[in-house]
Amino acid sequence: MSLIVNNLQANIDDSPILKGLNLEVPKGEVHAIMGPNGSGKSTLSKVIAGHEDYEVTGGSVTLDGQDLLDMEIDERSRAGLFLAFQYPMEVPGVSNANFIRAALQARLPKGEELDAVAYYKSLYEKMDILEMDRKFTARAVNEGFSGGEKKRNEILQMMMLDPTFCILDETDSGLDIDALKIVSQGVNAMRSPERGFLVITHYQRLLDYIKPDVVHVLSDGQIVRTGGPELAHELEESGYDFLKEPVTA
Amino acid sequence: MSEVLEDFTVAPGAPLEDAPEWFNALRAQGLEAYNAAEWPTRKDENWRFGKPKRAQIAELASVVEEDTMIDIEPAPEGVIRFTFVNGFCMSIEGDAPEGVVALPLNRAIHEVADQIEGAVPALQGKLGSAKLAAFHRANLEDGAVIYIGDGVKLEQPIEIVNIFTGEGRSQTYLHLVAGEGASASVVESYVSANDEDASTVLSVVDVQAKKGANLTYLCTQELNEKSQLIRLGDSHAGEQADATTAVLHLGGSWVRDELYSTVEGKEAQCKILSVAVPKGEQEFDQRTFQHHASPHCFSDLLYKNALYGKAKTVFSGLIFVDEGAHYTDAYQTCRNLMMSDSSEANSMPGLEINADQVKCSHGSTSAQVSEEEIFYLQARGIQADAARQMIAEGFCADVFQKLQNEKLEEIAIQTLASSF
């Protein structure tokens, strides 16, 4: 039971970005994907989530055996997938509380209403962990939020929706060190044997706080190296220059 | 005049029994002005893209009063609420506190005659509907008269409920004045008693905030889809006054809404807000005029339309800065959210500046819901259609935050929710 990406190929505007990507993240593990700009990191997250700008030309993605590529975007979410956005969207006029509530309501069978009291209790508990002021419930989703507030809000949604598999797309970008610690706390609180994580990042810094079990290096649409947490440190010191050298057998 | 007009309880312009002379003179003058004025045509700049033929409502018989059981909850403790049926006051609930006048027009002309003589109605229909304004004057009989005395601060909004029933034409009238340093809010609603009757409603709304007053007015319009409405509004903010007028149009097959707002006196400010959600073949035609008559005044207009089906909107707005009205701060924005390919939004923003040191901006946009926004909501498990609706509702609801009045915002957002 895990997220399995098999020989995934995807294009944007007819140009190939993912070129036969293979990845397996078992439940209970945290895998990091690192790589230089343009290597396809964000594309991978968006293709898994189902963004329509990307055309999947081959391969498969399964979550606990379910074929994700065959599902609508919202079905993937309800099937247990969560994507924390690199650039969370602002939704003017929709309060944060109503937004998360609608997302939870969408998971209930028709005719069943979310228990409002229990909902707010749970929401406030999670906001406390993320050190978010209560006023964020009434504010429009992400509107006028600072970079750090937006990322905390992503993690809040993740905690509320209780997914089985989480992808964090460059969650560390735009975060100062204090926000990074709080966001990481939220993520670490959710680590469990029943849940997998794919942490996409450009920098090793995030991985000091969210310790990965496995680190992959993505380059030109493929995983080119896989190793333990020490691989992230190695990349931090020597950079991605090794990618330019010809691969020798 | 056509012979249908004989059906009226009182003929247009004819004197009302027991009414003071000045009031009957006003009615007579209204008829005279009505006869002298021309019906608007499409060549009229104020009716470009509009439907002037639909404005010719004088030929329609006025609605015959019916015994209609109107079942509404009593007003909560401490709330002043007028209830009108076809423009005639049926009840006023709640007691007006000291310094506040809340009376139907037919009592106000006797009981507070000195306050309203010469003040009723100031409105001339300057945005293309002079003939209709005159017709309204000629038929003036009842309405809501509200005076908030100098320095009086009301916490609870005053409510005006307008119910329409039966086929034909009726008219409503609101004369609302906040005295010096007063603070109040008023919420007016338009509803049909049933889904079948085609009502034609001609409304005149006159809102004035005197020196230092703070006045917020919200109108929610939920007529049935067979009805039509012409609403002529005038708002005036005096020195250091803050007048906010907002409207939410949901119902009606055709709605024409004109608002002439004036800021006059140092540091006068007004906010002008509108949300419309036309669907099917509904057509909403809105014209505005922001008149800066003095220096150092502020006005901010925000109109948003979410258009579904084959709906059509027209927005035409002008910011007009008088000679000498220096240091004017004026904004005008119309945003259209196109929820279908066959809807049509026409926007005609405009500026005329005759002063110096002026900060003005105007603009209009038409766009569809962004795919990225839908993706975000879908990625949280919300289905595409629901996501689209939620974004459109938020787009509209956003306007009402500018009311800066929690109770009115709540009413507006609750009413809006019925449309999504």
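The values are calculated or read from the model by the stated rules, or taken from the named source; none is laboratory data. Quick caveat: nothing in here was measured; it's all calculated off a predicted structure. In this analysis, Cβ positions are derived from the backbone assuming ideal geometry, glycine residues included, and neighbour counts consider all displayed protein chains. Heavy atoms of the whole protein, side chains included, go into the accessibility calculation; ligands, DNA and RNA do not. Shrake-Rupley method; radii C 1.70, N 1.55, O 1.52, S 1.80 Å.
Here the gap between B:Asn354 and B:Arg48, fully extended at 0.36 nm per residue and compared with their Cα-Cα distance, gives a gain of 107.7 nm. Among the trypsin sites (Lys or Arg not before Pro) in the stretch A:75-184, which ones are in a DSSP loop with at most 10 other Cβ atoms within 10 Å of the Cβ? Mind listing them? Answer in residue order: A:Lys110.
The residue list B:Ser419, B:Asn336, B:Asn405 was ranked by how far each Cα lies along the charge dipole of the stretch B:325-420 toward its positive end, using unit charges on Cβ atoms, and B:Asn405 comes out on top. Structural descriptor for chain A: relative contact order 29 percent, calculated from alpha carbon pairs under 8 angstrom and at least 6 residues apart.
Note on the protein assembly as shown: antiparallel DSSP beta bridges, both residues inside, total approximately 20 percent of the bridges counted. Heavy atoms of the protein chains alone define the surface here; on that basis chain B has 40 Å² accessible area per residue at 1.4 Å probe size. Distance between the C-alpha centers of the stretch A:128-190 and the stretch B:286-317? Whole Å please. Cα centroid of the stretch A:128-190 versus Cα centroid of the stretch B:286-317: 38 Å apart.
In the stretch A:2-244, the alpha-carbon atoms span a convex hull of 127 Å³ per residue.
With respect to the cross-link table entries B:Lys131/B:Lys279; B:Lys131/B:Lys210; B:Lys53/B:Lys266; A:Lys151/B:Lys402; A:Lys151/B:Lys359, which display a Cα-Cα separation exceeding 32 Å? As for pairs spanning more than 32 Å Cα to Cα, those are B:Lys53/B:Lys266; A:Lys151/B:Lys359.
Using a 1.4 Å probe over protein heavy atoms, the accessible area lost on pairing B with A, summed over both chains, comes to approximately 2000 Å². Heavy-atom accessible surface of the stretch A:2-244, averaged per residue, reaches 42 Å², computed with a 1.4 Å probe. A Förster radius of 35 Å, combined with the Cβ-Cβ distance separating A:Asp14 from B:Ser342, puts the computed FRET efficiency at roughly 0.65. Computed from backbone phi with θ = phi - 60° and the Karplus coefficients 6.51, -1.76 and 1.60, the 3J(HN,Hα) list for the stretch A:14-23 is 6, 9, x, 10, 9, 10, x, 8, 10, 7 Hz; x is used for glycine and proline. Give me the percent of accessible area attributable to carbon and sulfur for the stretch A:2-244, probe 1.4 angstrom. Here it works out to 46 percent. Taking 16 Å as the straight-line reach from the Cα of A:Lys41, the aspartates and glutamates in range (excluding those fewer than 8 positions away in the same chain) are A:Glu24, A:Asp53, A:Glu55, A:Asp169, A:Glu170, A:Asp172, A:Asp220. Dipole of the protein assembly as shown computed with +1 at Lys/Arg Cβ and -1 at Asp/Glu Cβ about the Cα centre; of A:Gly111, B:His110, A:Gly227, farthest Cα towards the positive end is A:Gly227. The accessible-area loss of the stretch B:381-415 on complex formation, taken against its chain alone with a 1.4 Å probe, reaches 20 Å² or more at B:Gly381, B:Ile382, B:Gln383, B:Met390, B:Gly394, B:Asp398, B:Gln401.
In a fully extended conformation the segment linking A:Tyr124 and A:Leu108 would gain 3.7 nm over its present Cα-Cα distance, using 0.36 nm per residue. Here the dipole of the stretch A:201-246 is about 140 debye; that uses its Cα centre as origin and unit charges on the Cβ of Lys and Arg (positive) and Asp and Glu (negative). Could you name the aspartates and glutamates whose alpha carbon sits less than 15 Å from that of B:Lys304, not counting residues in the same chain fewer than 8 places away? Excluding near neighbours in sequence, the set is B:Asp257, B:Glu283, B:Asp285, B:Glu344, B:Glu393, B:Asp398. With helices as the sole contributors, chain B gives -5000 deg cm²/dmol at 222 nm; each DSSP H run of n ≥ 4 counts as -39500 (n - 2.57), and the sum is divided by every residue. Going by the alpha-carbon gyration tensor, a ≥ b ≥ c the square roots of its eigenvalues, is the protein assembly as shown rounded (a/c under 1.5) or, if a/c is not under 1.5, prolate (a/b greater than b/c) versus oblate? Prolate is the answer for the protein assembly as shown, as a/c is 1.5 or above and a/b outweighs b/c. Against the empirical curve 2.2 N^0.38 Å, the C-alpha radius of gyration of chain B lands at a ratio of 0.95. For A:Lys27, a cut-off of 16 angstrom between C-alpha atoms picks up these lysines, skipping any fewer than 8 places away in its own chain: A:Lys211. The accessible surface of chain B, taken with every protein chain in place and a 1.4 Å probe, is 45 percent carbon and sulfur.
For the stretch A:155-193, accessible area lost to neighbouring protein chains reaches 50 Å² or more, against the chain alone with a 1.4 Å probe, at no residue. Near B:Thr288, the amide H atoms lying under 5 Å from its own belong to B:Leu259, B:Ser316, B:Gly317, B:Leu318; only residues 5 or more places off or on other chains count, and H is placed 1.01 Å from N. When +1 charges are put on Lys and Arg Cβ atoms and -1 charges on Asp and Glu Cβ atoms, the dipole computed for the protein assembly as shown relative to its Cα centre reaches about 1160 debye. Here the dipole of chain B is about 1420 debye; that uses its Cα centre as origin and unit charges on the Cβ of Lys and Arg (positive) and Asp and Glu (negative). Comparing Cα centroids, the stretch B:148-197 and the stretch B:321-389 end up 28 angstrom apart.
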